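Below: one structure, written as structure tokens.
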Amino acid sequence: MSGLERHLVIFAKAPRLGRVKSRLARDIGKVGAWAFYRRTLAALARRLSGDARWTLWLAVTPDRAVFDRRVWPAGTNLISQGDGGLGTRMARVMALMPPGPVVIVGSDIPDVGSGDAAAAFRALGRHDAVFGPAADGGYWLVGMKRRPRFRDPFTGVRWSTDHALADTLANLAGARVALLRELEDVDDGAAYRRRRR
């Protein structure tokens, strides 16, 4: 991958009260869910920024939030996710990034660190795609080499189910795929309580 820039993208929602982590908010309240999301996003951006091995981007939603610098960690490159469901938005960001491999991570996984991003880019040296499996059957990271062309793996994926990773992998049949360590995203009160312990 020498000569190609590496792009690390955090997918993020504008951290607005009542607009983030709705499943978690049902269990711990809107203020608690909002505070958790803000802290997690800020800490993640801090851990992943400033590393010369990649360029860090925040792909944000709603699109107009790209103009509100006050809600995002300072010094980050902002792009909008665009319209559509999660798969459509991830495919759009993957396809529109400048040349080089792209790794996308979620913004609600407290344990993601620069070592995980580095491992993903290393895996893309020998593989077409890389995933960080989540304990719930989804994934917290997806990366693609995008050469010789971008192959959209997100069509028909049953998001927010225990089939999300399997569906995405089925779309990549025949590709060389690497898996990283399994992590848990914090989507509900039970995961939040486990995290606090």
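The values are calculated or read from the model by the stated rules, or taken from the named source; none is laboratory data. All figures in this text were calculated on a predicted structure; none of them were measured in a lab. Here the Cβ is made from the backbone with ideal geometry for all residues, glycine too, and neighbour counts use every protein chain on show.
Any chance you could count how many residues in segment 1-40 are among the basic types (K, R), surrounded by 15 or more Cβ atoms within 10 Å (Cβ to Cβ) and either modelled with pLDDT of 95 or more or not in a strand (DSSP E or B) (or both)?
Number satisfying all stated conditions: 5.
What are the residues in segment 18-47 that are within 16 Å of D187 (Cβ to Cβ) and touching a helix residue (DSSP H, G or I) at 6+ places or on another chain (Cβ under 6 Å), if any?
Selection gives V20, K21, L24, A25, D27, I28, A33.
Scanning for something over 17 Å from S114 (Cα atoms), out of contact with any Asp or Glu (no Cβ under 7 Å at 6 or more places or on another chain), assigned to a helix (DSSP H, G or I) and basic (K, R), does segment 43-63 turn up at least one residue?
Within segment 43-63, not a single residue is over 17 Å from S114 (Cα atoms), out of contact with any Asp or Glu (no Cβ under 7 Å at 6 or more places or on another chain), assigned to a helix (DSSP H, G or I) and basic (K, R).
So Y139 fits all but one of (1) over 29 Å from G29 (Cα atoms); (2) of a type in the set (F, W, Y); (3) without any contact (Cβ under 8 Å) to a residue 60 or more places away in the chain; what number is the exception?
It is condition (1) that Y139 fails.
I need every pair where a residue in segment 59-70 that is at pLDDT below 90 has its Cβ under 9 Å from the Cβ of a residue that is among the aliphatic types (A, V, I, L, M) and not in a strand (DSSP E or B), sequence separation at least 6 or different chains.
Close Cβ pairs (under 9 Å, with a partner that is among the aliphatic types (A, V, I, L, M) and not in a strand (DSSP E or B)) amount to D68/A14.
Of the residues R89, R47, which single one is surrounded by 14 or more Cβ atoms within 10 Å (Cβ to Cβ), more than 21 Å from E5 (Cβ to Cβ) and in contact (Cβ under 8 Å) with a residue 24 or more places away in the chain?
Unique residue meeting the criteria: R89.
Every residue in segment 71-82 that is at pLDDT 95 or above and either more than 27 Å from A25 (Cβ to Cβ) or outside any strand (DSSP E or B) (or both), please.
Correct list: Q81, G82.
Starting from residues that are touching a residue at least 24 places away in the same chain (Cβ under 8 Å) and over 14 Å from the mean Cα position of the chain (by Cα), keep the ones in segment 10-25 and report whichever is farthest from G82 (Cα to Cα).
Residue satisfying both the conditions and the ranking: L24.
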